[in-house]
1. Give, as a single signed number, the net charge of other residues whose beta carbon lies under 13 Å from the beta carbon of A91, with Lys and Arg counted +1 and Asp and Glu -1.
2. Using the count of nearby Cβ atoms within 10 Å as a rough guide to exposure, how do F126, F261 rank from fewest to most?
3. When only Cα pairs under 8 Å and 6 or more residues apart are kept, what is the percent relative contact order across the chain?
4. Enter the per residue convex hull volume of the range 43-187, computed from alpha-carbon coordinates, in Å³ rounded to the nearest integer.
5. Take the alpha-carbon positions of the range 1-40, form their convex hull, and give its projected area averaged over all directions (one quarter of the hull surface) in nm².
6. Residue farthest toward the positive end of the dipole of the range 137-290, with Cβ of Lys/Arg at +1 and Asp/Glu at -1: which of I204, F243, G187?
7. Restricting to the chain, what percent of DSSP beta bridges are antiparallel, rounded to 5?
8. Would you mind counting up the charge near L275? Only other residues with Cβ under 11 Å from its Cβ, with Lys and Arg at +1 and Asp and Glu at -1.
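All of the numbers you see were taken from the coordinates with simple rules; none came from a lab. Nothing here was measured: the structure is a model prediction, and the numbers come from that model. Ideal geometry is used to build each Cβ from the backbone, glycine not excepted, and the neighbour counts take in all protein chains shown.
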Amino acid sequence: MRVRKAVFPVGGLGTRFLPATKALPKEMLPIVDKPLIQYAVEEAHAAGIEEFIFVTGRGKTAIEDHFDYSYELEDLLSSRNKIEALEALRAVVPGAGQVAYTRQQEPLGLGHAVWCARNLVGDEPFAVLLADDLIMSEKPCLQQMVEAAGETGGNMVAVMDVPREHTSRYGILDVGSDDGRLAEVRGLVEKPEPAAAPSTLSVIGRYILTPEVFDHLGKKHLGAGGEIQLTDAMAKMVGSGPFHGLRFEGTRFDCGDKLGFLQATIAFGMARDDLRTGLGDYLSKIVKDL
Ligand code: UTP
């Protein structure tokens, strides 16, 4: 099974980050010096993705500009001999014809955003990456999934165990057979209350999906929060082919949430040779003063 296309739903409103997201898309918020969406695109590229499909919305044009050449800036950097900055800038842009944008006119939910990409995806398996789930790992998370899906075929979601009191924040798996790495998906529930959750294994923002998901999304069933939920459409595919949750290796940061965003900033900052000492010194100082 080859996964060539990836969908990046970036049509959400990002209300938890207002006022920062009033004029700036949430996905353009930087962790250290790179926007969240660029981490996601680089992860997809490392996993062998060749076509990058963005489902955008109102006020998201900065994302299109980010993945385009900026001639004035490049000219300026080059005339000032800022080679490193120039290289950093050029590394961002996927090749001609490899990027497509479609617009979700109304933010009706993640499932609706994915459905908006149906004609660009066509009849083949594809990946979905949510940029606000940022994953720090040795092997990029999507690459781990592509390799695992190569063994299993069918649908696959990245999963992690969460504290039971947090199940109402996630899509939760009803687990069949489980070898500790791959868990067979027997059912899926969106945001169940802790007492009703079939497990504590939760879906995070990485998916490999078969195109049948579009048939279910096309029914536009409203789920949790009155939104068209991707989890509900995925739940309809249980039993119609292989479907697994992969416990990926790595640490996931929920950058759609303020605390997760700050944690990611510290973790990614501490992973940088140019920042580790300065940031580490500062952190030890403020921890001592607590
Ligand atoms: P979130 O649930 O984080 O919603 O979406 P949000 O609107 O982005 O942020 P808050 O909760 O208001 O702060 C998860 C992902 O799904 C996309 C978002 O862009 C994000 O990547 N999404 C969500 C859409 O593309 N369209 C939607 O209608 C909803």
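1. Working: positive: K34, R90; negative: D33, E42, E74, E84, E87.
Surrounding charge for A91 is -3.
2. Values: F126 25, F261 21.
So the ranking, lowest neighbour count to highest, is F261, F126.
3. On the way: 531 pairs, mean separation 64.9, N = 290.
Once normalised by length, the contact order is 22 percent.
4. Values: hull volume 24.5 nm³, N = 145.
Cα convex hull per residue, to the nearest whole number: 169 Å³.
5. Values: hull surface 15.3 nm².
Seen from a random direction, the Cα hull of the range 1-40 projects 3.8 nm² on average.
6. I204
7. Working: 26 of 44 bridges.
Percentage antiparallel, nearest 5: 60.
8. Values: positive: R272, R276; negative: D33, D273, D274, D281.
Surrounding charge for L275 is -2.
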